[in-house]
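Enquirer: Starting off with a structure, shown below.
Read-outs: derived from the displayed coordinates by stated rules, not from any lab. The structure displayed is predicted, hence computed values, not measured ones. Backbone-built Cβ (ideal geometry, glycine too); neighbour counts: all protein chains shown.
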Amino acid sequence: MVRLKNRYLLVDILYPDPSTWPGITPKSASKLDSSSAQLAIHAPTSDALTPGLLARMVREEVGELYGDWGVGKLGGASAGGINVKYLSPATSTAIIRCPRASFRLVWSALTYMSHVPDNSDRGPSGGSSAQKRAGRPCVFRVVRVSGTMRKAEEEAIRRARSEIVRVRGAQEKGVLGDLVGDPLGLGGSSVEARAPVPAMNPVVDESSEDEGMAVD
C-alpha cells in the first residue's frame, strides 16, 4: 500500500494597508503607536471566510496561474488535494494540507491572493461598493512548511506567544518610557529585549510522520 505524503502550510493573513483597519483613517494611522499598529496588521478576519471557501480560493488561484496542469498536480478539480485543516478567523491563522509534490504551487498561489471576503463595513465611510465586492485587501504569508500537522500547530502556538510578548513589551515601553527613560541605554524595556523576534523567512520542514529526521 502506497502512503500519500502531504505538506502542511502555516499561513498568516495580514492587513498591512491602513485603509483596511476598522475605524481608522489613513491620517490617524500615522499617529498610532507600534503596539496598536501591530494589532491592526494582525486583525481578525471575517467569519465569511470558511475552510471550504479558502480551499476553493486556493484551487482557483492555482488554476488561474498554472492552468489544467496545476489543477492536475493537486489531484483534479473535484479531488481533495487541498484541504484546510485549521482556520481561526480570530487570529487570522490557517493550516493548509496539500500534496508534497505540489506544495510550492500552493505557496505561490497564496502569494498572489490579495483579498478575503468581508461582510462588515470598514472605516467611517464603510468602503466603496467595488471594495465590498472584491473583499478586504490582505496578504497571505506562509511562515512554515511542515511534514506533520503537529509541527505546524507548535509553530502557530510559538508565534502567537511571541506576538503577545512583543505587544506587551511595546505597551510597557510606551507607558514607562517618559517616566523612567532608558538609563541603561537598552533602547527598550526588559520584556521587549527578551522577546524573541519571529523569523521573517518561512521555515521549510521536510520532516514526515514516517521519517525520523527533520531538515529545516
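Enquirer: For each of 139, 106, 145, 84, count neighbouring Cβ atoms within 10 Å of the residue's Cβ, then give the residues from fewest to most.
Expert: Values: 139 15, 106 27, 145 24, 84 21.
Least crowded to most crowded, the residues run 139, 84, 145, 106.
Enquirer: Fewest Cβ neighbours within 10 Å first, please rank 8, 15 accordingly. Don't skip to the answer; put the middle values down first.
Expert: Values: 8 25, 15 22.
Lowest count first: 15, 8.
Enquirer: Fewest to most neighbouring Cβ within 10 Å: what's the order for 13, 41? Spell out each step's value before the answer.
Expert: On the way: 13 25, 41 17.
Starting with the residue having the fewest Cβ neighbours, the order is 41, 13.
Enquirer: What length, rounded to one decimal in nm, is gained on full extension from residue 48 through to residue 14, with 0.36 nm per residue of separation minus their alpha-carbon distance? Please report the intermediate quantities before stating the final value.
Expert: Values: separation 34, 0.36 × 34 = 12.24 nm, distance 1.61 nm.
Fully extending the segment from residue 48 to residue 14 adds 10.6 nm.
Enquirer: Oh, and also: Mean projection of the alpha-carbon convex hull of the stretch 38-120 over all orientations, in nm²? Please list the in-between numbers first.
Expert: Numbers: hull surface 22.4 nm².
One quarter of the hull surface, i.e. the mean projection, equals 5.6 nm².
Enquirer: ³J(HN,Hα) across the stretch 58-66 via Karplus (A = 6.51, B = -1.76, C = 1.60, θ = phi - 60°), whole Hz, x for Gly/Pro?
Expert: Whole-Hz 3J(HN,Hα) from phi for the stretch 58-66: 5, 4, 5, 5, 4, x, 5, 7, 10.
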